[in-house]
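The values are calculated or read from the model by the stated rules, or taken from the named source; none is laboratory data. Just so it is clear, the structure is predicted and the values come from calculations on it, not from any experiment. Neighbour counts run over all protein chains shown; Cβ positions are idealised from the backbone, glycine included.
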Amino acid sequence: MATTAFALRIAPQPQALEAIIFPPPGRDDAWAALERAVCAALETYSNVHRGSGHYSIVSTHLYEQARDIVLEHLALPKDRYVVVFCTPRRAEVLKAQLRPGSYHCASSEDVGPPLGVRAMAVDRKALPEGIPYETGGGTARLVAPSWVIWAHAPDRFEAGTPAIVNVIAFAKALRLVEQLGQDAFRKPPADSRTAAEILYCDELESYAGRELLDELGRTLIGRGVNVPTANGLRPFVNLDNAASTPTFTPIWDAVRQTWRQPGPVQQAIIDEVKSICAEVLGAPAAGYDVIFTSNTTEAINLAAECLGRESEPGVEPVVVNTYLEHNSNELPWRRLPGGQLIRLPVDDEGFIDCAELETILRAYNQEGRYGRKRIKLVAVSGASNVLGVFNDPAEISRIVHRYGARLLVDAAQLVAHRKVETERWGIDYLAFSAHKVYAPFGSGALVVRKGLLGVDPAELERIRSSGEENTGGIAALGKALVLLQRIGWDVIQEREQALTRQALRGMAQIPGLKIYGTQNPDSPRFAQKGGVIIFSVKDVPPNQVAARLAEYGAIGVRSGCHCAHMLVKRLLHIPLVLEWLQGLILTLFTQVALPGVVRVSFGIENSDEDIDTLIRVLGDIARQPRASQDRALQPQVDDYARAVARTVYSQTPC
């Protein structure tokens, strides 16, 4: 690994990074400089804004600094303008809601690298009020069955996990263009490869199964990075995979190689990744379309938008989902024109009662008990981001189709962990994100049965071209799916369940620690449990548990309601009157921390040692629940984040 990565690993003190001085790149080195910057960002990548670990703090700093770089590039004042990062299609929708002259747009298409990023710098006073045009994760601060407190700008207009790495790359490219000229990226350097070479060939192609899993782990970008803790430098432990996954060198190589290819090769990559999705997800091209989006949220919003355009005389549409859902599979269905959303309860472990689902469908669609109301769609999560359970999509589909409805599966937490059989299970819409499949480069997909989108050809082309502009992200998704398939989902399940079993047994021995959902590894239901565990520690607020895990163990987790507010409030037995009071408090005091739970989530990069570290630090926290939270470390973490940002946004190599 090159110099900067080495510096981060063995001497991550900010002064060590600042002491490294490198000459600026020449014009021919713009692509190499961009790749070095992205590699440095990937070393400490995590999801932004709500994570407690060092990596989330660093990625948030990089992402928010990208907004400042855009405003500097456009010569616009920070106090007047706010930057919203969009896909091409989202940018056009936002423009249509703004008055002329109230916004400026910077595009990755104009700069050069195929990132699929639009940066909309909008006059704060001109931002549209009310419900955002796309809803889901990040757009809401608090959700109840009948009301929503929306987030402030820019979060309210950036539904779902943003294309964090691509945005950082875009900001870096802007700086390189300012330094080297507008043509810095116009002619990619010669690196002629075929789509097949990029997607299927790598240094690990002789491995498969458990051997590939072990070898791939050694290529984890950021493996062994030390971060400052109250106990000195410690290797960072990522237990926040449900929020976003890190990536591996073969996947990153596919991205940077794709960036360097001419248009015809990039188009061949897009076409081949559609074939990969069709094969890996069991959705043959004869019956399904693959529409690339930026994330699961955009994919579900697209499905909701298309369903909302359908019209059946004399019918009032109804959508059924569950109290298990992430906001991204709940909020979009509230906007169905003339429609209604009803929610199916789940038990304390997160399992759906299929008999109750059938009763509801029969009452609406067969017996006509509710007049003209008919259930058109059942939208459920394939795996819960809170309780970690996998419901049975095949059984749900059997019931749904018996009564003439369709099935949408939010597969954001499913694709990386279990084999998916879209056609065999009878799924009509499958939505998922690449950033939860070890490919965090701003892509996702809606896999949809042919003929269901119901949009005219011109609109369909705009939808397709928006997602397909991000060719590097699409290549990353394809490469990640190829690698996971070569490992085998049985191997992945075995590894993740072993980690979950180890964690549950260790956490059960900690006094004052309460686990929610499936707790017993010997339970028959454990086979349907993924590597997600939520818990609380007596007398320690969840945000403090998360902060102390980071400060004393270098462990990155997440706390709060995890964009599943209604589920978490029910698990915590928060009554309706208190729920209303929470909304009032959050409206009046915007920075208040509301009740929630702590979540740890495992991925294929985690080890037994990671779980041992978690159990040890949790035990220390539980034994000293009233210990004051040591915030003296925060300046060091902030300095660390700023030092990484200087490395990324300067010309230092990785």
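Between T500, T518, T471, which is touching a residue at least 24 places away in the same chain (Cβ under 8 Å), polar (S, T, N, Q), crowded, with 19+ Cβ neighbours inside 10 Å and not assigned by TED's automatic domain parsing to the domain that holds N606?
On the way: T500 fails: not assigned by TED's automatic domain parsing to the domain that holds N606; T518 fails: not assigned by TED's automatic domain parsing to the domain that holds N606.
Residue meeting the stated conditions: T471.
Scanning region 328-378 for residues that are in contact with a strand residue (DSSP E or B) (Cβ under 6 Å, 6 or more places away or on another chain) and among the polar types (S, T, N, Q) gives N329, Q340, N365.
Would you confirm, using the coordinates I've provided, whether A278 is among the aliphatic types (A, V, I, L, M), outside the structural domain of L115 (by TED's automatic domain parsing) and surrounded by fewer than 22 Cβ atoms within 10 Å (Cβ to Cβ)? Spell out the reasoning first.
Values: among the aliphatic types (A, V, I, L, M): yes; outside the structural domain of L115 (by TED's automatic domain parsing): yes; surrounded by fewer than 22 Cβ atoms within 10 Å (Cβ to Cβ): yes.
So A278 passes the test.
Note on region 303-342: among residues that are among the polar types (S, T, N, Q) and farther than 21 Å from A363 by Cα, the one that is surrounded by the fewest Cβ atoms within 10 Å (Cβ to Cβ) is S311.
Within region 102-115, can one find any residue that is of a type outside the set (S, T, Y), at pLDDT below 95 and in contact with a Leu (Cβ under 7 Å, 6 or more places away or on another chain)? Within region 102-115 (the criterion being of a type outside the set (S, T, Y), at pLDDT below 95 and in contact with a Leu (Cβ under 7 Å, 6 or more places away or on another chain)), the answer is yes, since at least one residue qualifies.
The listed residues are D271, D240, D253, and the only one of them that is of a type in the set (D, E) and crowded, with 21+ Cβ neighbours inside 10 Å turns out to be D240. Of all residues in region 465-496, those satisfying the criterion of being in a helix (DSSP H, G or I) and polar (S, T, N, Q) are S465, S466, T471, Q485, Q493. So, A184, is that one surrounded by 14 or more Cβ atoms within 10 Å (Cβ to Cβ), aliphatic (A, V, I, L, M) and more than 19 Å from L42 (Cβ to Cβ) or not? Spelling it out, A184 is indeed surrounded by 14 or more Cβ atoms within 10 Å (Cβ to Cβ), aliphatic (A, V, I, L, M) and more than 19 Å from L42 (Cβ to Cβ).
Taken as a whole, the structure leaves G404 outside the set of residues that are buried (at least 23 other Cβ atoms within 10 Å of the Cβ) and either under 26 Å from the mean Cα position of the chain (by Cα) or not assigned by TED's automatic domain parsing to the domain that holds D110 (or both). In the set (1) over 30 Å from L324 (Cα atoms); (2) assigned to a strand (DSSP E or B); (3) in contact (Cβ under 8 Å) with a residue 24 or more places away in the chain, the condition left unmet by C105 is number (3).
Residues in region 240-251 that are of a type outside the set (S, T, Y) and farther than 14 Å from I474 by Cβ: D240, N241, A242, A243, P246, F248, P250. In region 67-85, what residues are in contact with a helix residue (DSSP H, G or I) (Cβ under 6 Å, 6 or more places away or on another chain) and hydrophobic (A, V, I, L, M, F, W, C)? Passing the criteria: I69, V82, V83, V84, F85.
Listed here are the residues, each with its yes/no results for (1) out of contact with any Ser or Thr (no Cβ under 6 Å at 6 or more places or on another chain); (2) basic (K, R); (3) in a strand (DSSP E or B).
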residue	(1), (2), (3)
V409	yes, no, yes
R424	yes, yes, no
L430	no, no, yes
F441	yes, no, no
L452	yes, no, no
A458	yes, no, no
I463	yes, no, no
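Of the strands (runs of 3 or more DSSP E) entirely within region 117-185, none holds at least 3 residues that are of a type in the set (D, E). For region 49-61, filtering for residues that are surrounded by fewer than 24 Cβ atoms within 10 Å (Cβ to Cβ) and assigned to a loop (DSSP other than H, G, I, E, B) leaves 2.
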